[in-house]
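The values are calculated or read from the model by the stated rules, or taken from the named source; none is laboratory data. Every value quoted in this text rests on a predicted model; they were computed, and no experiment measured them. FYI the Cβ positions are ideal-geometry reconstructions off the backbone, even for glycines, and counts take in every protein chain you see. The protein model used for the area step is the full one, side chains on, heavy atoms only, and it has no ligands, DNA or RNA in it. Shrake-Rupley method; radii C 1.70, N 1.55, O 1.52, S 1.80 Å.
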There are 2 protein chains.
Amino acid sequence: MEATNRYIAIKHLVDEAAQESDFELKTETFTLSIEPRKKEVIVKNLYLSVDPYQINRMKIKSSSQKASDFAGAIIPGEPIEAFGVGRVVDSGNPEFEKGDLVAGLLNWGEYSRIKEGGLLNKVDSTLGLPLSYHVGVLAFSGLTAYAGFFEVCKPKAGEKVFVSAASGSVGHLVGQYAKLFGCYVVGCAGTQQKVDLLKGKLGFDDAFNYKEEIDLKAALKRCFPDGIDIYFDNVGGDMLEAAVENMNSFGRVAVCGVISEYTDKGKRAAPNMIDVVYKRITIRGFLAADYMNVYGDYLAATLEHLRNGKMHALDDISRGVESIPSAFLGLFRGDNIGKKIVQVADE
Amino acid sequence: MEATNRYIAIKHLVDEAAQESDFELKTETFTLSIEPRKKEVIVKNLYLSVDPYQINRMKIKSSSQKASDFAGAIIPGEPIEAFGVGRVVDSGNPEFEKGDLVAGLLNWGEYSRIKEGGLLNKVDSTLGLPLSYHVGVLAFSGLTAYAGFFEVCKPKAGEKVFVSAASGSVGHLVGQYAKLFGCYVVGCAGTQQKVDLLKGKLGFDDAFNYKEEIDLKAALKRCFPDGIDIYFDNVGGDMLEAAVENMNSFGRVAVCGVISEYTDKGKRAAPNMIDVVYKRITIRGFLAADYMNVYGDYLAATLEHLRNGKMHALDDISRGVESIPSAFLGLFRGDNIGKKIVQVADE
């Protein structure tokens with residue numbers, strides 16, 4: 001049996017200034033059945049994740065960096081791997097059968113073929129939570145926030161926590177974990193609507209719109225008169241410099257991502273290393289995949305918080321495979337509120 | 001009883017471009033006896049430490065930094081605290097008596113008065129080691145090297161270690177600790193003489209003259225074809241950027257000092273934070289004073305290495321209190337080989 005599969009590809013490797021014209025919507029004939037003895041799984045995609053880091057896999061090789069440094073380069077014309085949720089259409093793998101809801105490494109298209117050994121897990125549909133949660137708060141965004149905060153930042157109750165891109169897919173969860181843990185939490189975001197959301201629904205102690213601040217160092221000084229103990233960095237650039245300047249002794253910076261530097265290589269952070277020495281600051285990059293040892297704890301805690309209403313997962317959902325490029329590029333403009341997801345088919 | 005005490009002071013707070021004319025040699029009448037009931041100790045200074053970090057305590061307050069951030073500002077006209085070794089002239093403290101050799105926080109002059117509670121310890125003169133060692137390898141330079149390498153970098157045998165300012169007071173010890181521990185060690189320095197010393201007497205696996213390299217990234221790539229696991233950073237700036245680019249996954253940077261940035265604030269390091277994230281690099285500033293818990297281990301190991309000739313402590317000794325400003329400013333020109341010490345009186 002065959003279907004028409006529409007998927008998104010890059011036309012060529014991109015540079016810092018990626019735009020929609022760098023992407024194309026391709027159409028292919030897609031076989032919906034598995035060849036005998038192949039342990040593949042065919043999935044009809046439902047919800048797909050778009051994540052800022054993917055741009056690093058699309059970039060033109062430069063002297064200092066090559067796309068293939070980042071968990072495999074994305075190849076022009078080929079389907080683009082992305083986490084997502086879908087429904088099994090056919091399976092040669094005894095662990096899955098037709099009709100199963102699954103979450104794993106799919107691609108930016110309407111159908112995915114998951115080879116043997118590919119990342120794929122059944123979704124527990126008895127949880128009574130929206131299916132899109134399995135793309136964000138119950139997937140890498142959630143684990144990144146949880147592991148980054150608890151394992152990298154090693155917080156103590158009462159500590160002062162700053163989160164940048166605080167209404168983003170990871171940031172809005174970090175702030176809530178930190179509040180539930182007993183920290184004082186301030187976030188920054190790029191619109192008044194986001195700031196209101198942080199201070200209102202999400203329960204941050206304070207928040208500010210960084211686009212309306214002339215001096216980021218002064219803004220942080222105002223929000224943290226006693227200094228910052230933990231900075232959960234999603235943006236890099238100027239904000240990292242300002243945070244380091246406002247950090248307390250033995251402060252910790254967890255560098256989750258540096259979105260401001262992904263699309264503007266001129267914007268590199270130059271934190272004051274004299275501060276780093278004298279204040280004994282630790283700046284540590286991390287990837288959630290290194291923390292699978294806390295997956296059980298993370299999932300149990302997060303499900304409990306979601307069920308008792310103490311944590312809110314924000315999903316920002318666009319519709320249609322053709323909307324993926326603009327949804328993706330919108331991440332760098334700050335268009336999204338919470339986890340950006342594209343729904344490519346009805347449940 | 002009174003003596004004439006000559007001491008060095010700054011005339012005024014300095015800026016990035018400190019020079020000898022910013023310093024003055026002052027003369028005062030100095031009382032050599034202790035007033036009744038005062039638990040002070042009067043010390044005739046013998047060997048005094050000059051350290052790059054002291055410049056940060058002399059600097060003019062800027063918007064981003066004030067001298068007082070750094071363990072107390074140095075006040076123009078007043079004696080300047082510095083670690084050193086001397087001989088007790090008079091003591092109101094029952095722990096010390098006239099004639100004792102002591103090491104502690106003295107000042108850049110011929111005599112010091114150490115108040116009750118001041119840092120002062122008797123020197124064990126039965127060790128049979130040069131007295132100047134108690135200013136460097138057996139004092140903060142040694143502890144900084146030991147704690148920074150073992151406690152901050154957490155090395156594993158066989159790991160690849162890069163040390164900058166490798167012939168400096170701390171660097172030359174770090175490299176030797178790392179070699180004795182079983183690491184592959186490469187150092188950089190600023191003259192061919194220093195490079196020869198590193199590769200010869202000090203046993204580094206390799207070394208290079210950074211002033212003769214057009215491209216520091218390429219130099220490190222050449223010395224570390226399989227990447228750097230640990231970077232012991234004494235300089236900051238471009239070298240930190242180049243090291244981060246050449247680091248392996250889970251690499252660690254111990255930031256001990258950033259001497260290239262102390263006298264040139266335009267030279268700030270802007271390490272590629274995308275590398276920091278994807279390679280899960282940790283950049284950590286530290287101060288030796290936080291590691292007094294390993295003091296016993298450090299001292300035992302270091303004494304053993306020195307006695308059996310497996311470790312060489314380099315002391316670079318100038319003579320006379322009046323030579324302190326040039327000895328100090330020479331640190332920023334790379335004049336010193338090993339620990340810079342000024343001998344202000346004969347033993």
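Sorted by packing (mean other beta-carbon atoms within 10 Å per residue), highest first, where do A:266-274, A:102-110 land?
Values: A:266-274: 20.4, A:102-110: 23.6.
Peptide ranking by packing, descending: A:102-110, A:266-274.
If you take the alpha carbon radius of gyration of region A:114-177 and divide it by 2.2 N^0.38 Å, what ratio comes out, to two decimals? Could the numbers behind the result be given before it?
On the way: Rg = 14.5 Å, N = 64, 2.2 N^0.38 = 10.7 Å.
In units of the 2.2 N^0.38 Å rule of thumb, it is 1.36.
Does region B:140-289 come out rounded, prolate or oblate, given a ≥ b ≥ c as the square roots of the eigenvalues of its C-alpha gyration tensor, rounded meaning a/c under 1.5 and, failing that, prolate meaning a/b above b/c?
Values: a/c = 1.18, a/b = 1.09, b/c = 1.08.
Cα axes put region B:140-289 in the rounded bin.
Hey, what's the Cα Rg ratio for the protein assembly as shown versus the globular rule of thumb, 2.2 N^0.38 Å?
Numbers: Rg = 29.6 Å, N = 694, 2.2 N^0.38 = 26.4 Å.
Here the Cα radius of gyration is 1.12 times the empirical estimate.
Taking 18 Å as the cut-off for C-alpha to C-alpha distance, list the pairs among B:Lys38/B:Lys115; A:Lys221/B:Lys59; B:Lys156/B:Lys179; B:Lys98/B:Lys122; A:Lys279/B:Lys340 that go past it.
On the way: B:Lys38/B:Lys115 8 Å; A:Lys221/B:Lys59 22 Å; B:Lys156/B:Lys179 11 Å; B:Lys98/B:Lys122 12 Å; A:Lys279/B:Lys340 25 Å.
The pairs that break the limit, which is 18 Å between Cα atoms, are A:Lys221/B:Lys59; A:Lys279/B:Lys340.
I want to verify the translational diffusion coefficient of region B:74-166 in µm²/s; compute it with Stokes-Einstein, Rh as the Kirkwood radius over Cα pairs, at 10 °C and 1.306 mPa s. Can you show the working numbers first?
Details: Rh = 15.6 Å.
Diffusion coefficient, whole number: 102 µm²/s.
In nm, what does the list of distances from A:Glu116 to its counterparts in the other copies look like, shortest first, when each label sits 7 Å along Cα to Cβ?
Reported distances to equivalent positions: 8.1 nm.
Considering just Cα atoms, how many Å³ per residue does the convex hull of chain A enclose?
Details: hull volume 47.0 nm³, N = 347.
Output value, Cα hull per residue: 135 Å³.
If a/c stays under 1.5 just call it rounded; otherwise compare a/b with b/c (prolate if a/b is bigger, oblate if not). Do that for region B:203-327, with a ≥ b ≥ c from the square roots of the Cα gyration tensor eigenvalues.
prolate
Semi-axes of region B:1-57's equivalent ellipsoid from the Cα gyration tensor, sqrt of 5 times each eigenvalue, largest first, rounded to whole Å? All intermediate terms of the calculation are to be shown ahead of the outcome.
Working: eigenvalues 165, 38, 23 Å².
Listed largest to smallest, the semi-axes of region B:1-57 are 29, 14, 11 Å.
What 222 nm value per residue comes from the helices of chain B, counting each DSSP H run with n ≥ 4 as -39,500 (n - 2.57) and dividing by all residues, nearest 500 deg cm²/dmol?
Numbers: 9 runs with 77 residues, N = 347.
Helix contribution divided over all residues of chain B: -6000 deg cm²/dmol.
Can you order the peptides B:170-179, B:222-231 by their average number of other Cβ atoms within 10 Å per residue, highest first? Display every interim value, and only then the final one.
Working: B:170-179: 27.5, B:222-231: 18.7.
Order by mean packing, descending: B:170-179, B:222-231.
Please compute, for peptide A:251-263, the average count of beta-carbon atoms on other protein chains lying within 10 Å of each residue's beta-carbon.
Going residue by residue through A:251-263 and averaging, the value is 2.
Can you list the distances in nanometres, one decimal and ascending, from the A:Gly227 label point to the identical position in each other copy, with the point 7 Å along Cα to Cβ?
3.4
Measuring label to label, 7 Å along Cα→Cβ, what does B:Thr4 give against each other copy in nm, shortest first?
Spelled out, the distances from B:Thr4's label point are 10.1 nm.
How many Cβ atoms of partner chains, on average, are near each residue of A:285-291 if near means within 10 Å of its Cβ?
Working: counts 15, 5, 5, 0, 1, 3, 0.
Mean inter-chain Cβ contacts per residue within 10 Å come to 4.
Probe radius 1.4 Å, ligands and nucleic acids ignored: give me the carbon and sulfur share of the accessible area of region A:140-289 as a rounded percent. Working shown, then result.
Working: 2460 of 4860 Å².
So the carbon and sulfur contribution to the accessible surface is 51 percent.
Can you classify region B:293-347 as rounded, prolate or oblate using the Cα gyration tensor, where a ≥ b ≥ c are the square roots of its eigenvalues, rounded means a/c under 1.5, and otherwise it's prolate if a/b beats b/c and oblate if not? Intermediate values should be presented prior to the final figure.
On the way: a/c = 2.36, a/b = 2.06, b/c = 1.14.
Judged from the Cα gyration tensor, region B:293-347 comes out prolate (a/c at least 1.5, a/b above b/c).
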